[in-house]
Each structure stands twice: as structure tokens, then as C-alpha cells.
Amino acid sequence: MKSVGIDAVEIWTGNLKLDLPGTFAEQMGDDPAKYTKGLGLNASSFPDSYEDIVTMGANAAHRLMERKGLEPDDIGRIDVATESAFDNSKPVSTYVAGCLEQVFEGDFHHANKGERKFACIAGTQSLDDAYNWIRAGRNRGRAALVIATDTALYARGDAGEATQGAGAVAMLISEDPDLVELSTEQGFGSADETDFLKPNQQFPSVDGKRSVQVYLARMREALVDYQREAGTITVDDFRYAPFHTPFPGMVRKAALLAYRHITRDTEIEDELAEDIGRQPREEAFDDEEAFHDAIREYMDALKGTDRYQEWYANTIEPTLTISREVGNWYTGSVHVARASALKHAAENDIDMAGEALLVGSYGSGAQAEIHTEVVQENWREEIEALNVDDQLEARYDINWEDYEEIHDAHNHEMDVDIEPLTTPEGEFVFDGWGRMGERKYRFVD
């Protein structure tokens, strides 16, 4: 059986930074803790006026290919996952390929290109597609390039405005990967839901409370479904658990739910029962409302236990470091969480070779996927090649007037032409419009 997974990863963050507890909170008249402690966010990344989903995706892919010494002929498939697409026919992957052909010899005419859409889970679905393509033997010795790229912007005044972000994650999928091997087992939770959608509009319509409920429900279903295939798992079976992270506060809820489910009928539940009792069982209650009330009380108590807090600090908190500084990247979110966890391990000299990750992806509308990944021998070299810290440090810190202008510049319904706030160097940039209204790009040395 072929070992297939992620061989390499690169991250490209938007070149602008919005300080949430400072600039945003002050303008909104809010307590800064609403963002740092409530949402769990310190800053958001934004695209400058010459950046968009194509430039960010192409820049991440360019860096990955250069670092790995790849040429176009080495890539047989390019899949872009996004929910920020600007064309209902031409996929973003063709634009990205066109950008890369400006800097590499050869072309991608032989490569299968596509675009995946299912809200934030599309990045993982594209990863699955590449995995299946290679396992099926249809790759002819070539690797796949999977790019998750989004500008996660909300309408001004929307409740989700503070969670905005922009960036791209490029992943090389191949046999005998250097970073992580993907499990054959998957679990899914999927239902027709209306929690977050964009019906022919750029900015989302969101039912915030419902979205949280759906996220948790689908994640729980996916975990149950995964265990049907892979067997019972325990909290000791995986070192980190990267989850879809629209904002870290959401992950706090998902992690607690997962911990309760995984520790049910285990020694951990027995040991915790001495202090907080056993988990409520539905059959012990006369009605559903009473059962759910008991579950909420139990989870409140569970959250306060030393055992859970230690597990959360070791298993979940390291996955959130990058997202706290960049906000929501939609399709790239869970892949940022994976990189964050492995980066934490490398920085703290934790040997991850052979360790497992429990990966939980989610997309509104709605679907969740759970799978595991086994970290490979060469993982450290791949993760230490990331320069995400340098990118975060180099971002231009925008003031409120800058923010208002840049938000308008990326509003498709507005015709706004503003001067860039940063100077591009060694990257692809938006270069105006073509004769049929298409976007044009060029590489700036």
C-alpha cells in the first residue's frame, strides 16, 4: 500500500495587519478582552491593494516549488480550494498556473486543474482528492499541488468582522511524504444547513449562534463516524488535534466536546467522576431538555478540571498560535492549525516522528471530516523551512483609515483605486484587467 500524504507546506499571509485589541476595539468602543480572551485573536492579516486570492496562492506555491527544487513537469494536478472566488466558470487554479509559468521554465498544460467549493472544508476535500488520485495510480509519478486561499472578509458592521483574515496555504501531496502520512480512515458528519452562506454575494450571511451549534454537531458526528471505521480512540492516541479555526474561541468549544466524547466509558471518566460525577446518559432522563441541561452542567465542570486543562494546554493550545495573529483563513484554517502545532513541537524540541495528529475539518452548509495523520521522519526540516514568523513581523500595521480604504478596495461592488501601503518584492501582484474583464498578474522581482 502506498504511503501518501503532505510532503511539504508553505504559508503566505496578507501583507497588512489590523491590531484587534488596539485599533479595532478602540474604534468599536469595546473592551480589548472581547477579542483577545473571547475570540482568542490578537490581529488579522489583510491583503494590500495589489494582493488577492490568486497572488497569495501563487506566492505560497512559488515558494514551495522553489524550496523543493520542483519544475512544472513534476506537478500533475493543481487544485485550489477557496470560497472567495471571483469567477463562476474559470477556476482560480488556472490563474495560479499562469502566474507560476512566468517564473518557471516549462508549463502546466499537462496538469489537471480544478477548484473546490464547500466553505472552509474545501481545503481538506482537495487534499482528499489529491490523495485518492495518487492512491489510484493515476498520477504517473507526479505530485499534486493543493492550495487553500481566501480573503475572509465580512460586511462592515457584521458580527464576524473581527474574525477576518487573508492568506494562503500551499501543500505538496506525494508518495513517501516528508511531513505527514494521511490515514485511509475518515469520518464524516454532513447535513443540509443554513448557518453561513453567500448566495451570489461576496460577503457572507451568517447565523452566528446556529453556526456554532452546527459546527459542534457535525464535528461530533464525524468523530463518531471515524470511530466506526478506525475503532475506539483515546486521548493518548494523538499528540495534537488541529481543528478548523474560524477563531480560537470556537475551538475551545469543539475541543471540550471531543474530550467528553473520547473519554466516555474510560478510566479517565471514572477518575473524574470522583470530583464531577459521571457523564449523563440520555436513557437516564425523562425528556431531552433535562438531558441537555445535565450535559451542559457536566461540561462546565469538566472544563474546570486540572486534567482537562492540562490536556487542552498540551494538545489544542499549540495549534492556535498562528491563527491568533492572522484571523480566519476559511479553507486554509485547519492547515494553518497543523503547521502551528508542528512549529510548536519544533521550537520546543519535541520529537514528533511517528506521532499522530487528529485533524478536524469543517465547512458551513455543512460538513465535518475527521482523519488522522502520522508525522514522518523528516517533518522537522520541512517545518523549520517555514518563514511565517518573519512574514508576521514584516506586515504593515494599518490604522483605522487604512482599514476602511483597504476593505473598500476588496469589496467587489465598489470601484476603489488606492495606492498600496507596502512595496511588493519577489512576489506576484495584481496588474489590472484584461480585454474580457479577466484579472492580470505579473511577478515583481
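The values are calculated or read from the model by the stated rules, or taken from the named source; none is laboratory data. Note that the structure is predicted; figures quoted are calculated from it, not measured. Glycine gets a Cβ as well: all are built from the backbone with ideal geometry, and neighbour counts include every protein chain shown. These area figures cover heavy atoms from the full protein model, side chains too; ligands, DNA and RNA do not enter into them. Shrake-Rupley method; radii C 1.70, N 1.55, O 1.52, S 1.80 Å.
Details
- Residues satisfying the stated conditions in the stretch 311-337, i.e. in contact with a Gly (Cβ under 7 Å, 6 or more places away or on another chain), over 19 Å from residue 259 (Cβ atoms) and part of a helix (DSSP H, G or I): 324, 326, 331, 332, 335
- Residue list for the stretch 230-260, filter: part of a helix (DSSP H, G or I) and over 30 Å from residue 33 (Cβ atoms): 230
- Take the conditions (1) over 30 Å from residue 347 (Cα atoms); (2) open to solvent by 80 Å² or more (accessible area, probe 1.4 Å); (3) basic (Lys, Arg); residue 281 misses just one of them, which is (2).
- Residue in the stretch 132-142 that is open to solvent by 10 Å² or more (accessible area, probe 1.4 Å) and under 19 Å from residue 169 (Cα atoms) present: no
- Residue 126 vs. criteria part of a loop (DSSP other than H, G, I, E, B), touching an Asp or Glu at 6+ places or on another chain (Cβ under 6 Å) and buried (at least 17 other Cβ atoms within 10 Å of the Cβ): no
- All positions within the stretch 285-310 that are open to solvent by 80 Å² or more (accessible area, probe 1.4 Å) and in a helix (DSSP H, G or I): 288, 289, 296, 297, 300, 303, 306, 307, 309, 310
- Some residue of the stretch 95-113 being of a type outside the set (Asp, Glu) and part of a strand (DSSP E or B): yes
- Check on residue 61, of a type outside the set (S, T, N, Q), at pLDDT 95 or above and within 30 Å of residue 403 (Cβ to Cβ): yes
- Hits in the stretch 34-66 (condition: farther than 18 Å from residue 389 by Cβ and open to solvent by 30 Å² or more (accessible area, probe 1.4 Å)): 34, 36, 37, 38, 39, 49, 66
- Of the numbered criteria (1) within 30 Å of residue 403 (Cβ to Cβ); (2) modelled with pLDDT under 95; (3) of a type in the set (S, T, N, Q), the one residue 164 fails is (2).
- Within the stretch 338-445, strands (runs of 3 or more DSSP E) holding 2 or more residues that are over 26 Å from residue 312 (Cβ atoms) and either open to solvent by 30 Å² or more (accessible area, probe 1.4 Å) or at pLDDT 95 or above (or both): 427-433, 439-444
- Residues of the stretch 37-76 that are under 19 Å from residue 152 (Cβ atoms) and part of a helix (DSSP H, G or I): 38, 39, 53, 54, 55, 56, 57, 58, 59, 60.
- Any chance residue 236 is out of contact with any strand residue (DSSP E or B) (no Cβ under 6 Å at 6 or more places or on another chain) and at positive phi: no
- The requirement of being assigned to a loop (DSSP other than H, G, I, E, B) and either among the acidic types (Asp, Glu) or open to solvent by 10 Å² or more (accessible area, probe 1.4 Å) (or both) is fulfilled nowhere in the stretch 18-28; no residue meets it.
- Among residues of the stretch 249-273 that are over 17 Å from residue 224 (Cα atoms) and in contact (Cβ under 8 Å) with a residue 40 or more places away in the chain, those with a beta-carbon under 6 Å from a residue that is β-branched (Val, Ile, Thr) and buried (at least 17 other Cβ atoms within 10 Å of the Cβ) at least six positions away or on a different chain give the pairs 251/245.
- Among residues of the stretch 261-306, those that are over 22 Å from residue 362 (Cβ atoms) and of a type in the set (Lys, Arg), counted: 2
- Just one of (1) closer than 30 Å to residue 363 by Cβ; (2) surrounded by fewer than 19 Cβ atoms within 10 Å (Cβ to Cβ) fails for residue 258. It is (2).
- Checklist (1) touching a Gly at 6+ places or on another chain (Cβ under 9 Å); (2) open to solvent by 20 Å² or more (accessible area, probe 1.4 Å); (3) in contact (Cβ under 8 Å) with a residue 12 or more places away in the chain applied to residue 101, failing item: (1)
- Residues of the stretch 143-159 satisfying the condition of being open to solvent by 10 Å² or more (accessible area, probe 1.4 Å), on the phi < 0 side of the Ramachandran plot and not aliphatic (A, V, I, L, M): 151, 154, 156, 158
- Check on residue 13, among the β-branched types (Val, Ile, Thr) and closer than 18 Å to residue 393 by Cβ: yes
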